[in-house]
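Notes to accompany the following structure.
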Amino acid sequence: MTTLSRRRALTALAASGVAAPAVVRGATPARWRMVTSWPRNLPGPGVTAQRLADRIARASGGRIRVELFAAGELVPAFEVLDAVAGGVAELAHTAAVFWMGKIPAAAFFLAIPFGLTPLEHMAWIDHGGGQQLWDELYADLGVKPFMAGNTGMSMGGWFRKEIHSLSDLRGLRFRMPGLGGEMYRPFGIVQVSLPPGETLPALQTGAIDAAEFAGPASDLALGFYKVAPYYYWPGLHEPNGTGECIVNRAVWEGLDDELKAVVAHACAAENAYALAESERANAEALKVLVHEHGVQLRRFPDEVIAAARHSAREVIARFDAAGGIEARIYRSYVAMLERLGDWPRVSVQGFLEARHAA
């Protein structure tokens, strides 16, 4: 609606004695609180969260103003879902994997071990039925979810000692939430779930022996290299890094179509922008870690990769056996992997092998 047509509509409402909704009148901007699971301005998701808040404010013409509260400033990192559902905050920026305790299938909307890469994940959400399943899964939680940022492909993790074989994983206390930790559990790791901001202190005190979070840019900022010198790849457990924006369902449904479009497009714009930013930032940060901080870059042994691939299939298959929406999400996700077929191998993988050939 144009400014002129909106003014005419408001004039007509006033003349008829009917009050216009607060979100339309514009005299008093809606003030939203955004809670996040990240330290303030953490490269990657913390920066994305602030940029998303700013996008919504600008694109709405000031009709929505968003104040950001980083992890722990209003609620703890792992309590932002409850805060939004309960009306403590209007929206949050977080990651779907943190809700596996409530809804195990939430993990599909961040990453599945040996699953979809960032662009493939976007194809599933936007063009493979993923968004509809995501909305349905979160409906009973009282929130509306969106893709809103991406840290790119993850690294495999930070370790105090080198990993030469599967036996070297046994007994390691490994910060790895979600299905990735479950994938490694048969090899004897102790799975630990910690907010990003609490992970370095746990490494420093010896409470954990290894940790993963995201890609090199975020990992560099969190300082894991100060304690754990071995940095492993590939990120078998998390080939995608989608950031999740969740909006209180009642707040979302109370918006007019124009403001719904503002929020949705702000999330989509930040999703694409952040993914491109992460590709650049991760490449630069990896060089800094290796050449300035002496980080030892290591590839997981073939034995570990093969065993993890087999374990991942068993972990994920349980969703099919669960039935209901969990099975439908699993089948939709696997169907996207099958639809992609050989295309990623003959396109991206084939090109990269040719580009980097000696």
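A short reminder: the numbers here are calculations on the coordinates, not readings from a lab. All values derive from a computational prediction rather than experimental measurement. So basically every Cβ, Gly included, is an ideal-geometry build from the backbone, and we count neighbours across all protein chains shown.
Points worth noting:
- Working note: Cα atoms of the chain, range along each principal axis, descending, whole Å: 78, 42, 41.
- Sparsely packed loop sites in the range 121-209 (the GluC sites (Glu not before Pro) outside DSSP H, G, I, E and B with at most 13 other Cβ atoms within 10 Å) comprise 162.
- Local electrostatic count, residue 276, Cβ distance below 14 Å [Lys/Arg +1, Asp/Glu -1]: -2
- The orientation-averaged projection of the convex hull spanning the C-alpha atoms of the range 74-186 amounts to 8.5 square nanometres.
- Taking Cα atoms only, the orientation of helix 302-322 departs from the longest principal axis of the chain by about 40 degrees.
- Over all other residues within a Cβ to Cβ distance under 13 Å of residue 249, the charged ones net out to -3, with Lys and Arg as +1 and Asp and Glu as -1.
- P(r) tail fraction, the range 215-358 - alpha-carbon pairs more than 28 Å apart, %: 44 percent
- The range 59-78 versus the range 212-269: alpha-carbon centroid distance in Å: 15 Å
- Sum of side-chain charges, residue 85 neighbourhood, beta-carbon under 15 Å (Lys, Arg +1; Asp, Glu -1): -3
- Long-range tail of P(r) for the range 232-283 (Cα pairs > 11 Å, %): 76 percent
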